[in-house]
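Below is one structure, written out as structure tokens; comments come after it.
Read the figures in this text as sums done on the coordinates, not as results from a lab. Note that the structure is predicted; figures quoted are calculated from it, not measured. A quick note on method: Cβ atoms are made from the backbone with ideal geometry, for glycine too, and the neighbour counts reach across all protein chains shown.
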């Protein structure tokens with residue numbers, strides 16, 4: 001096949017015509033090799049006689065009934081073939097989803113098979129093989145979704161379907177014999193409380209940062225001198241390690257609570273929710289202020305000039321022109337803050353701020369890795385959901401402002 | 001009528017506009033020409049108080065522009081800038097409706113005004129009213145920019161390099177449209193440009209600015225025949241000043257009575273174009289005809305050449 005020298009785009013786009021059947025997808029090949037290696041050499045689950053002892057790894061054939069092991073092996077082999085060959089993105093997405101469902105069902109089935117009926121002491125935890133396969137299939141799915149380039153609405157719909165699917169499986173008790181769900185069963189009411197607290201920490205500090213950061217960002221846009229000083233200060237705050245910042249806040253807030261009874265009555269103390277929210281708020285400030293200023297700077301001076309020239313008041317120019325046009329960039333800042341806060345809020349548990357971090361640090365203290373996962377998995381899921389939803393919102397607002 | 005009285009703008013120790021006075025007659029096009037940094041834009045922006053003067057004042061129809069808040073003043077004055085400055089997040093109709101909305105017009109009044117303007121500017125309402133600016137061509141965007149400035153029926157229209165971003169063909173079309181619009185609405189237009197050709201094509205009177213000072217303020221022909229300053233001659237160009245002078249007079253204005261043989265030329269054509277046509281055809285005289293072909297008189301090469309000399 002002759003390659004057109006005058007069309008570099010054709011070689012960049014990767015659609016050089018090559019006879020069918022010989023095309024191998026490089027990422028797919030890597031993921032297939034990793035996945036097969038994980039399937040063959042790494043344990044699907046780890047069996048523990050109780051929640052604290054080190055476990056005993058079990059491969060697919062040891063953990064599952066023979067027919068289930070062979071069936072899932074055949075299905076995953078099919079997924080690997082699809083990943084290897086440069087097939088259509090939709091097919092690859094379907095294969096990745098099928099693979100994820102198979103791996104999830106396999107780990108649940110292994111837990112059911114290995115747990116003696118009625119026994120609530122033994123633990124069956126997902127093994128390294130499960131996690132590696134999960135990551136490989138997750139990457140395959142992400143890659144396929146990226147290639148399909150779905151619109152923002154479709155992406156959110158896809159996420160909602162995924163959440164509904166997982167929610168349905170959880171509500172039907174599919175994973176109940178798995179170690180993490182065992183920990184959940186023990187901690188169910190605490191989990192709901194800490195989950196809500198986690199959301200409150202992340203969203204409360206975000207709301208405060210938006211209320212304070214937006215005006216600061218606007219003022220920074222107007223005055224170059226203030227911008228340099230403000231962004232410099234916020235940059236320094238951003239470099240303080242999170243644990244250190246929580247520690248730094250303990251002393252002044254403790255003193256404030258001791259000196260001002262009203263502050264104490266409002267719940268401001270050296271430890272607890274107040275310093276956690278204040279620390280998260282301080283971290284959130286830089287992205288909000290910086291993005292507000294950057295978004296406003298991006299608005300064409302000609303548009304602002306025209307708006308003023310037609311007789312809009314300064315307030316009207318700001319609200320109905322500048323902020324509206326800067327919105328996608330400001331929302332990008334909010335997205336950064338929300339995802340960052342959902343992760344950082346985990347640390348709040350260390351100073352009595354609660355949240356899902358409670359389970360993580362309790363689990364570390366007790367060397368109960370299942371408890372760590374009970375805190376970590378929902379945190380990751382929350383951050384992922386926030387990222388997808390806000391990315392979609394940013395894209396929708398961006399589309400309306402070309 | 002706009003009366004600019006000894007208008008001065010200083011930034012620190014730099015004087016950007018230096019004691020400029022000019023009387024801008026109603027219902028005419030005044031073009032302010034100058035190189036970049038001459039203070040011409042600042043002068044224009046002091047009229048609608050986007051820049052507040054350091055000294056001096058501006059009155060429009062006798063009332064001082066400082067007698068009301070700046071934003072209210074600006075709603076009565078149309079303003080068009082280079083690169084149009086359309087709101088990218090609003091439709092064409094919403095863009096045009098900006099000032100009427102600020103003024104609190106009723107929705108029906110706004111709707112009919114927007115439709116009228118779209119038709120005047122040859123933008124079919126059904127097709128363009130709900131389009132976004134990025135879906136339009138450069139020339140169309142510029143027309144929407146002018147329509148937006150005229151929406152609230154201002155008596156004064158200020159234009160800052162309005163055609164700077166257009167290609168030559170689109171610009172020539174925009175010039176003809178602007179002359180039509182001016183005639184139709186009787187708006188007093190003040191236009192700033194660095195392009196002397198544009199000034200000669202549009203202006204009833206031209207103000208030449210350099211380094212903050214106004215060197216000359218006269219009808220275009222006077223800039224050629226009686227330049228007040230060597231800089232004015234440089235701006236208008238010495239080499240082709242006779243041709244420029246010819247381009248300022250139409251065939252109808254110069255036509256001699258009686259018929260004659262020769263090619264027929266349009267009454268609206270400039271003497272420069274008629275001369276060119278005669279040279280091309282090797283003819284000595286031409287018949288000046290109306291749009292419908294009725295003869296209005298004739299022109300000879302000799303008569304045309306007489307118009308190219310200063311009197």
So how far, in whole Å, is the C-alpha centre of segment A:251-307 from the one of segment B:142-197?
48 Å
What full-extension length gain, to one decimal in nm, is calculated for residue B:300 and residue B:253 as 0.36 nm per residue of separation minus the Cα-Cα distance?
15.6 nm
What are the equivalent ellipsoid semi-axes of segment B:123-183, built from the alpha-carbon gyration tensor (square roots of five times its eigenvalues), in whole angstrom, biggest first?
18, 16, 11
What translational D, rounded to a whole number of µm²/s, comes out for segment A:212-363 from Stokes-Einstein when the hydrodynamic radius is the Kirkwood one over Cα pairs, at 25 °C and 0.890 mPa s?
142 µm²/s
For a footprinting-style exposure proxy, rank B:253, A:395 by other Cβ within 10 Å, fewest first.
B:253, A:395
Percent relative contact order of segment B:41-191, based on C-alpha pairs within less than 8 angstrom and at least six residues apart?
30 percent
Considering only C-alpha atoms, what is the centroid distance from segment B:114-129 to segment B:232-265, in Å?
37 Å
Across segment A:157-283, how large is the tail of the calculated P(r) beyond 22 Å, expressed as a percent of all Cα pairs?
59 percent
To the nearest 500 deg cm²/dmol, what mean residue ellipticity at 222 nm is calculated for chain B from DSSP H runs of n ≥ 4 alone, each contributing -39,500 (n - 2.57), summed and divided by the residues?
-10500 deg cm²/dmol
On a C-alpha basis, how far is the centre of segment A:114-153 from the centre of segment B:57-71 in Å? Whole number, if you could?
72 Å
How much of the DSSP bridge set in chain B is antiparallel, in percent, rounded to the nearest 5?
55 percent
Need one word for chain B: rounded, prolate or oblate. Basis is the Cα gyration tensor (sqrt eigenvalues a ≥ b ≥ c); a/c below 1.5 gives rounded, then a/b vs b/c decides.
oblate
Relative contact order of chain B, pairs being alpha-carbon contacts under 8 Å that are 6 or more residues apart, as %:
19 percent
Ranked list, fewest to most other Cβ atoms within 10 Å of each Cβ, for A:60, A:67:
A:67, A:60
Quick one: pull the percentage of alpha-carbon pairs in segment B:86-145 with a separation above 15 Å.
42 percent
Calculate how large, on average over all directions, the projected area of the Cα convex hull of the protein assembly as shown is; give the answer in nm² to one decimal.
47.6 nm²
Tally the DSSP beta bridges in the protein assembly as shown and give the antiparallel ones as a percent, rounded to 5.
60 percent
Across A:363, A:153, A:375, the residue with the highest GNM fluctuation in chain A (Cα network, 10 Å cutoff) is A:153
Starting from the 7 Å offset along Cα-to-Cβ, what nm value, one decimal, do you get for the label separation of residue A:67 and residue A:313?
7.7 nm
What does the average come to when, for each residue of peptide A:300-307, you count the partner chain Cβ atoms lying within 10 Å of its Cβ?
6
Heads up, chain A by the C-alpha gyration tensor (a ≥ b ≥ c square roots of eigenvalues; a/c under 1.5 rounded, else a/b over b/c prolate, else oblate) looks oblate
GNM, chain A, Cα, under 10 Å: largest mean-square fluctuation among A:367, A:332, A:233?
A:233
Any chance you could run the full-extension gain for residue B:290 through residue B:268? It's 0.36 nm times the residue separation minus the Cα-Cα distance, nm to one decimal.
7.1 nm
Segment B:171-284: relative contact order from alpha carbon pairs under 8 Å, six or more residues apart, as a whole percent, is 15 percent
Antiparallel DSSP beta bridges within segment B:209-302, as percent of all bridges there, nearest 5:
75 percent
State the extension gain, in nm to one decimal, for the chain segment bounded by residue B:70 and residue B:311, taking 0.36 nm per residue of separation less the distance between their alpha-carbons.
82.2 nm
Taking Rh as the Kirkwood radius, which is the inverse of the mean 1/r over Cα pairs, what is the Rg/Rh value for segment B:172-311?
1.01
